[in-house]
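A short write-up of the structure that comes next.
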Amino acid sequence: MPRRLSAPDILAQKGQAPICVMTAYDYPGAVLADRSGADMVLVGDSLGMVVLGYQDTLSVTMADMLHHTRAVSRGVERALVVGDMPFMSFQPGVEMAVANAGRFLAEAGARAVKVEGGRDFAPQIRAMVRSGIPVMGHIGLTPQFIAGLGGFRTQGKTAEATAVLRQDALALAEAGCFCLVLEAMPEEAAQAITESVPIPTIGIGAGRRTDGQVLVMHDVLGLFERFTPRFAKRYAELGKAAQEALVRFCGDVRERRFPAEEHVTHLSAEELERLNALLAGPGKPG
Ligand code: KIV
């Protein structure tokens, strides 16, 4: 069994090889992500959109996240499993944040959590880290703040906005985050942040100059058809392939092509003879 990567291993990768992060939400996805060589498998609250069918991530609960993180943990042997803290599981205060973050490690097999938001949440992050819980930060487009942001919009589009994001990044690194997701911002903004902080940055829609990249598995595999963000690259069209397979299955059932002889179990000749005798004897049905 390969050695499990830890938060310190990821931290030590800054300036070394690019870090690859993949989301996963269930056991088969986790096995695929881990075998592909991902350094971290993130059980993102994007779960709400790509698996549970919500319009955004705000309805995702701790129960949802723990349930899916457990399934992912069972499928991962090498990567660091990171559980995403859902909306209102950490924002209200330090005590709640530590208690909920602890559940990802104690009950669901994660070895780190992710928290959206900037310097306002440094107290929560500091307390989690002090309690032995490695924390991945997440700034830029933070979908849990969509109501205030007014939509899924690129952040840091001016020099001033980039400077604010950089201050947030420094505050999160100072609070003890071992790495930081930078979502939906200009490449130059992400580069400035990456060069300013001592922890690895993981970009999504943040250009080429971050220390690593993360994508949502359903975008990579072409499994989510409602929309694909412009920054995501689809490496396969599994949704189309799956649809074609299912249509063929229904056609085969209706045309009685499935099951075929190779899918069928038969009684032995002896048991068949006994059955026929039984059905022909006294008290036979009908
Ligand atoms: O929820 C998620 O999947 C995420 C990643 C896109 C970073 O936050």
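The values are calculated or read from the model by the stated rules, or taken from the named source; none is laboratory data. Since we're looking at a predicted model, the values are computed, not measured. Here the Cβ positions follow ideal geometry from the backbone for every residue, glycine too, while neighbour counts run over all protein chains shown. We work out accessible area using only protein heavy atoms, side chains counted, and drop any ligands, DNA or RNA first. Shrake-Rupley method; radii C 1.70, N 1.55, O 1.52, S 1.80 Å.
Key figures
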quantity	calculated
Computed magnitude of the charge dipole of the chain (debye, nearest 20; Cβ of K, R +1, Cβ of D, E -1)	200
Overall dimensions of the range 241-280 by Cα: Rg and Dmax, Å	16.4, 49
C-alpha center-to-center spacing [the range 224-257, the range 157-202] in angstrom	38
Quotient of Cα Rg and 2.2 N^0.38 Å for the chain, N being how many residues it contains	1.29
Helix 62-75 vs. the chain, principal-axis angle (Cα, 0 to 90°, nearest 10)	70
Within-14-Å neighbourhood charge of Lys233 [Cβ basis; K, R +1; D, E -1]	+1
Helix axis angle, 159-175 relative to the chain longest principal axis, alpha carbon, degrees	80
Lys/Arg +1, Asp/Glu -1 at C-beta; the range 241-280 dipole; positive extreme among Asn276, His263, Cys250	Cys250
Gain in span if fully extended, Ala236 to Ser268, counting 0.36 nm per residue against the direct Cα distance	7.0 nm
Around Leu80: net Lys/Arg minus Asp/Glu count, Cβ-Cβ under 12 Å	+1
Nearest 10 degrees, 0 to 90: helix 187-196 Cα axis against the chain principal axis	70
Inter-site label distance for Asp252 and Leu149 at 7 Å from Cα along Cβ, in nm	4.3
Probe 1.4 Å, accessible area per residue of the range 60-192, Å²	39
Sites matching GluC sites (Glu not before Pro) across the range 212-251 that sit in DSSP coil, with at most 14 neighbouring C-beta atoms within 10 Å	Glu225, Glu237
Point-charge dipole on Cβ atoms (K/R +1, D/E -1) for the range 1-55, about Cα centre, debye to 20	180
Estimated 222 nm signal from helices in the chain, with DSSP H stretches of n ≥ 4 weighted -39500 (n - 2.57), rounded to 500	-12500 deg cm²/dmol
Within the accessible area of the chain (1.4 Å probe), percent carbon and sulfur	56
Cα centroid of the range 97-153 to Cα centroid of the range 29-87, whole Å	14
Cα gyration tensor, the range 1-133 - rounded (a/c under 1.5), prolate or oblate	oblate
Charge dipole (the chain, unit charges on Cβ, about Cα centre) - positive-most of Val21, Ser46, Gly132	Gly132
